[in-house]
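Notes for the one structure printed next.
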Amino acid sequence: MGLEGVELVMAVEDEFEISISDFHAGNLVTIGDLIEFVHAAVNGFDLSREREEWSRIEEEMERVTGRSIAELPRSTKIVDLLDPDKEVEQWSELAGVPPPELPPFWRSVLKGVLVVVFVIPFVALGVSQGILMLALFLVLVCWLALHLAFARFRTVPDRDRTLASLVWWREPKSDEDTSWEAIAEKVRDIVGRELAIENMDRFTNDARFIKDLGVD
């Protein structure tokens, strides 16, 4: 790790009052990796368990996805290892949370659309063609709205998460935890300041310190 990298690590340590060992610093490949590490450290994750957790993650990833991650860099995005047809279910299983579902409001709308579709054939003979076309148009609009809503809730919530972040991802969190969003904002501010980057918005959390940000 060069001078820029050392200064960045020291700045993060000072800001959050944590310690980042050389072992951990060497595994922080992306901005997202650093955010996940700081979030874990600030909220009391036992960093001495990392090697043990990584072995467990390797076994769990192979069980869920059928793919070995033993030889992959920790900066690999989790979503790239998932089956595109099952990524939401696999993501939920890895995160330890149930798959996302439509909110009650949208489920009610869906039921309403199904009722309308069922009723239209029975009333079609007794209404004008214009009213029938309007009803069909409204059904189509509702169907499109439902499709968009369902697609929104059936997507992976954070496609930038890396394998490194998965080590700390499933740790139980208390109400007193510092939020991930607050830590992410601070970390990104520190990275921008220490590396003299004027516009951090140009870089997503999967930006790599060496290849993308030019850290020596």
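The values are calculated or read from the model by the stated rules, or taken from the named source; none is laboratory data. What you see is a predicted model; the values in this text were computed from it and never measured. When we count neighbours, we look across all protein chains shown, and the Cβ atoms used for this are built from the backbone with ideal geometry, even at glycine.
Scan the range 28-43 and tell me whether some residue there is assigned to a helix (DSSP H, G or I) and either farther than 19 Å from F209 by Cβ or of a type in the set (S, T, Y) (or both). Yes: the range 28-43 contains one or more residues that are assigned to a helix (DSSP H, G or I) and either farther than 19 Å from F209 by Cβ or of a type in the set (S, T, Y) (or both). Taking the range 49-75 as the range and being of a type in the set (A, V, I, L, M, F, W, C) and over 19 Å from D206 (Cβ atoms) as the test, the residues that pass are W54, V64, A70. In the range 168-188, of all residues being more than 17 Å from V29 (Cα to Cα) and either assigned to a helix (DSSP H, G or I) or outside the structural domain of V42 (by TED's automatic domain parsing) (or both), the one that is modelled with the lowest pLDDT corresponds to W180. Within the range 51-72, does at least one residue satisfy the condition of being in contact with a His (Cβ under 7 Å, 6 or more places away or on another chain), modelled with pLDDT of 80 or more and assigned to a helix (DSSP H, G or I)? No, that holds for no residue. Within the range 189-216, if we keep just the residues that are surrounded by 14 or more Cβ atoms within 10 Å (Cβ to Cβ) and either polar (S, T, N, Q) or part of a helix (DSSP H, G or I) (or both), the residue that is farthest from the chain's Cα centre (by Cα) turns out to be E194. Counting only residues that are free of Cβ contacts under 8 Å to residues at least 60 places away in the same chain, within 16 Å of E194 (Cβ to Cβ) and assigned to a helix (DSSP H, G or I), the range 1-27 holds 6 of them.
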